[in-house]
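Enquirer: If you scroll down you'll find the structure; I have some questions about it.
The values are calculated or read from the model by the stated rules, or taken from the named source; none is laboratory data. Since this is a predicted model, take the numbers as computed values, not measurements. So basically every Cβ, Gly included, is an ideal-geometry build from the backbone, and we count neighbours across all protein chains shown.
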Amino acid sequence: MAKTDLIMNDATNDDVMTRFRNLYEELFLHDGYGRIELEMKILRRGQKEIILRCGKEYRFVIDFPTKRKLKMDDQVLMESRFQS
């Protein structure tokens with residue numbers, strides 16, 4: 001079983017992308033075989049769990065906009081445009 005470095009609720013999508021980019025560069029420069037796995041699960045409360053596996057396991061829980069929240073944000077944006 002891989003060692004897990006746990007990163008919880010304060011992670012952002014940029015944190016995940018930075019870690020993924022660093023792992024890719026590390027593997028690309030490695031003289032041999034390498035493997036990266038990415039697993040993504042939908043959690044409750046508008047969050048996703050993202051697990052990157054590459055020797056170690058990096059676990060992120062990040063907020064993401066649900067379709068319902070996007071619709072509500074669009075509606076608020078449209079209402080604010082008409083009020084101006």
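Enquirer: Among the residues of segment 23-33, write down those that are farther than 16 Å from Ala11 by Cβ and either in contact (Cβ under 8 Å) with a residue 12 or more places away in the chain or not aromatic (Phe, Trp, Tyr) (or both).
Expert: Looking only at segment 23-33, we keep the residues that are farther than 16 Å from Ala11 by Cβ, and these are 24-33.
Residues satisfying the conditions are Tyr24, Glu25, Glu26, Leu27, Leu29, His30, Asp31, Gly32.
Enquirer: Could you check, for segment 62-80, whether at least one of its residues is surrounded by 11 or more Cβ atoms within 10 Å (Cβ to Cβ), in a strand (DSSP E or B) and modelled with pLDDT of 85 or more?
Expert: Among the residues of segment 62-80, at least one is surrounded by 11 or more Cβ atoms within 10 Å (Cβ to Cβ), in a strand (DSSP E or B) and modelled with pLDDT of 85 or more, which makes the answer yes.
Enquirer: Go through segment 6-35 and report how many residues are exposed (fewer than 14 other Cβ atoms within 10 Å of the Cβ) and touching a Lys or Arg at 6+ places or on another chain (Cβ under 7 Å).
Expert: Total satisfying the criteria: 1.
Enquirer: Please list, ordered by first then second residue, the pairs with beta carbon atoms under 6 Å, 6 or more apart or interchain, first in segment 34-55 and touching a residue at least 12 places away in the same chain (Cβ under 8 Å) and of a type in the set (Gly, Ala, Ser), second surrounded by 11 or more Cβ atoms within 10 Å (Cβ to Cβ) and in a loop (DSSP other than H, G, I, E, B).
Expert: Gly46/Thr66
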